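First the structure, in the form of structure tokens, and then the observations on it.
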Amino acid sequence: MVLAIWIKSDSKGPVFYRQVRVGRYNRDFRIFKFRSMRAGSDTGSLITIGGRDPRITRSGYFIRKFKFDELPQLINVLVGDMSLVGPRPEVRHYVNFWTPEQMHVLDVRPGITDPASIKFLNENELLEKAEDPEKYYIEVIMQEKIRLYLEYVEKHNFFYDLALIFKTFGGIVKEKLFSGSSMQS
């Protein structure tokens with residue numbers, strides 16, 4: 001409730017942001033997020049570039065930093081579009097770059113967290129340093145994420161998923177509260 005009030009008082013627009021993502025079996029669904037950008041900002045680049053992106057609101061900077069913008073995805077979990085753990089759902093634009101082998105990522109339900117989410121907690125900072133952020137995302141970050149997604153598809157189980165949930169919370173606390181530096185493990 002506090003986040004919703006802050007988002008509404010910080011900028012015009014709805015509390016929630018909904019975006020079409022690609023889910024299990026290559027089916028589109030709408031993901032829920034707390035809105036962290038100015039209303040109507042999703043007409044340009046699909047890449048958000050760290051602290052220098054002028055589309056991000058003041059409240060949005062905070063809720064992104066601590067991943068609070070992801071909390072409404074629990075709605076997606078409840079309706080069956082997502083699970084707590086699984087490869088992060090991507091927008092169709094980037095899935096269109098995937099090879100047939102990489103499409104096996106879509107054999108499992110997407111999740112709120114996964115190994116790539118932990119490795120790339122500082123993704124925005126990496127993109128901010130790139131000369132061409134979109135190209136860097138497609139050629140470097142996305143390729144590593146897909147590699148990690150495919151590994152997840154092969155070895156996921158209840159205990160592995162539970163460990164990833166704890167690693168996610170630990171990574172956010174370590175990365176965002178204590179060090180503020182990049183986490184690349």
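The table that follows gives values for the structure above.
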read-out: Looking only at the range 2-56, and only at residues there that are at pLDDT 90 or above and at positive phi, the one that is least open to solvent (accessible area, probe 1.4 Å); value: G13
read-out: Among the candidates I118, I141, residue that is open to solvent by less than 30 Å² (accessible area, probe 1.4 Å), modelled with pLDDT under 95 and not acidic (D, E); value: I118
read-out: Test set (1) open to solvent by 60 Å² or more (accessible area, probe 1.4 Å); (2) within 18 Å of E151 (Cα to Cα); (3) touching a strand residue (DSSP E or B) at 6+ places or on another chain (Cβ under 6 Å) - P100 fails condition number; value: (3)
read-out: One residue from V105, V95, V153 being modelled with pLDDT of 95 or more, under 15 Å from the mean Cα position of the chain (by Cα) and open to solvent by less than 60 Å² (accessible area, probe 1.4 Å); value: V95
read-out: Residues being among the β-branched types (V, I, T) and open to solvent by 20 Å² or more (accessible area, probe 1.4 Å) - total across the range 57-77; value: 2
read-out: Subset of the range 119-151 (residues that are out of contact with any helix residue (DSSP H, G or I) (no Cβ under 6 Å at 6 or more places or on another chain) and part of a loop (DSSP other than H, G, I, E, B)); value: F120, N122, E131, D132
read-out: Pairs where the first residue, in the range 65-83, is on the phi > 0 side of the Ramachandran plot and the second is β-branched (V, I, T), C-beta under 7 Å, 6+ apart; value: K67/I172
read-out: Among (1) open to solvent by 70 Å² or more (accessible area, probe 1.4 Å); (2) under 18 Å from R18 (Cβ atoms); (3) out of contact with any strand residue (DSSP E or B) (no Cβ under 7 Å at 6 or more places or on another chain) - the single one G80 does not satisfy; value: (1)
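The values are calculated or read from the model by the stated rules, or taken from the named source; none is laboratory data. Keep in mind that what you see is a predicted model, and the values were worked out from it rather than measured. For neighbour counting, all protein chains shown are included, and Cβ atoms are generated from backbone atoms with ideal geometry for every residue, glycine included. Heavy atoms of the whole protein, side chains included, go into the accessibility calculation; ligands, DNA and RNA do not. Shrake-Rupley method; radii C 1.70, N 1.55, O 1.52, S 1.80 Å.
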